[in-house]
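Accompanying notes for the structure given below.
The values are calculated or read from the model by the stated rules, or taken from the named source; none is laboratory data. This structure is a prediction, so every number in the text was calculated from the model and none was measured. With ideal geometry, Cβ positions are generated from the backbone for all residues, glycine too; neighbour counts draw on all protein chains shown. Side chains included, ligands, DNA and RNA excluded: accessible areas come from the protein's heavy atoms. Shrake-Rupley method; radii C 1.70, N 1.55, O 1.52, S 1.80 Å.
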Amino acid sequence: MIIEHNADFLLVYEAIQCNPNGDPDQENKPRMDYETLTNLVTDVRVKRYVRDFFKESGKDIFVDMEGDTKVSMDERLRSVLMKLWSDDEAARRIIQEEPLFERYLALKGNSPEEMAKKMINKKDADKELNRAILSGLVRERFIDVRLFGSAFAVEGFNKAMTGPIQMNWGYSLNKAFLLDSDTISSIMNDDSSTFGKDYRIKYSLLAFHGSINKAAAKTTGMTENDLRDFRHALWNGISANPTRSKLNQYPKLYVELVYNPGYYNGHFGDLRTYLSAKPKSAGKDKEVRGYSDLRVDYLDLETLLKTQVGEGKPVKEVIIKTSPDVAKDMDYGNA
């Protein structure tokens, strides 16, 4: 069933002696606001964790990677269409309307390459059929597009889908500092090697605000099951990333405010403003190496969760998950 509510969510995770999100314009150093000593992570990086987790779990995603390179949209769509060529029953389910399915059969041609060429062609494209195929593929196969949307800039398939799940860039609640970097051997090729810098953050407690919009969900077809899968992938995908620079990242807190009818995203503003973090030893920001070195204030968030939930109030339900150490610090239940 398509989701029928709006929601806002808060995600907090920690990064320990790793590079949460390298900046290619700064020697791949961790993204920073150096004026405020704030570590930054893009929403794209977090969505990549979710997509990678889905892929490892056997789910089909559209925005994919081969190694460190993003697969082009034309290439990905062409590959999907060519696979569809040999499965008429799957094509019928995707297209749904019988007259359009008959038009699809008529243009298939003698090979998947021939069919894909006809479809991805400004001159020959059957736009009505292509729109039906694209919508059906998103509905049936591509959970990442149902969640995050996508702009399909492909001849014959041009369409923008706004995703129901949107996120801000994340920022650290504590002041973050880089570890000293030594020159390391990063790539070995027979008797030669490539040397580079290995930049890492000492410790960063990162927070993100996001929204879930029911109107946009109608466009992509995001269901309640998709949303449950998203929560699971978001919580588990961050620590499941096997790459060397992303090890030692762990989820700490997820809070989702499910709104009652008539309430919309952003009702309480950015949920990160209800949290703050300071070193337990005053003025010892550079000495913070872990969550236990911080004093995180959850009081404003706890007050919000306890006073704004119920009939006649903005929030219908709170979905919350915490790590064991956060559960000790917060005076609120763990779902």
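A few remarks follow.
- Selection count, the range 111-128, where residues are under 14 Å from residue 154 (Cβ atoms), open to solvent by 20 Å² or more (accessible area, probe 1.4 Å), assigned to a helix (DSSP H, G or I) and in contact (Cβ under 8 Å) with a residue 24 or more places away in the chain: 1
- Restricting 331, 270, 293, 300 to residues that are at pLDDT below 95, open to solvent by 40 Å² or more (accessible area, probe 1.4 Å), closer than 23 Å to residue 13 by Cβ and of a type outside the set (Ser, Thr, Tyr) narrows the list to 331.
- Residue within the range 220-234 that is buried (at least 17 other Cβ atoms within 10 Å of the Cβ), over 25 Å from residue 56 (Cβ atoms) and in contact with a helix residue (DSSP H, G or I) (Cβ under 8 Å, 6 or more places away or on another chain) present: no
- Given (1) open to solvent by 40 Å² or more (accessible area, probe 1.4 Å); (2) within 22 Å of residue 290 (Cβ to Cβ); (3) in contact with a helix residue (DSSP H, G or I) (Cβ under 8 Å, 6 or more places away or on another chain), index of the condition residue 29 fails: (3)
- Boolean, residue 264 is of a type outside the set (D, E, K, R), over 20 Å from residue 174 (Cβ atoms), open to solvent by 60 Å² or more (accessible area, probe 1.4 Å) and under 22 Å from the mean Cα position of the chain (by Cα): yes
- In this structure, residue 144 qualifies as within 24 Å of residue 242 (Cα to Cα) and in contact (Cβ under 8 Å) with a residue 12 or more places away in the chain.
- Evaluation of residue 102 against (1) free of Cβ contacts under 8 Å to residues at least 12 places away in the same chain; (2) under 20 Å from residue 246 (Cβ atoms) (one fails), failing number: (2)
- Note on the range 153-170: residues that are of a type in the set (Val, Ile, Thr), closer than 17 Å to residue 76 by Cα and not in a loop (DSSP other than H, G, I, E, B) total 0.
- Residue pairs meeting the criteria (Cβ under 6 Å; at least 6 apart or on separate chains; first under 16 Å from residue 255 (Cα atoms), in the range 208-222; second part of a helix (DSSP H, G or I) and open to solvent by less than 20 Å² (accessible area, probe 1.4 Å)): 209/271; 209/272
- The condition of being assigned to a helix (DSSP H, G or I), at pLDDT 95 or above and within 32 Å of the chain's Cα centre (by Cα) does not hold for residue 131.
- Of the residues making up the range 136-152, those that are closer than 19 Å to residue 53 by Cα, assigned to a helix (DSSP H, G or I) and open to solvent by 20 Å² or more (accessible area, probe 1.4 Å) number 2.
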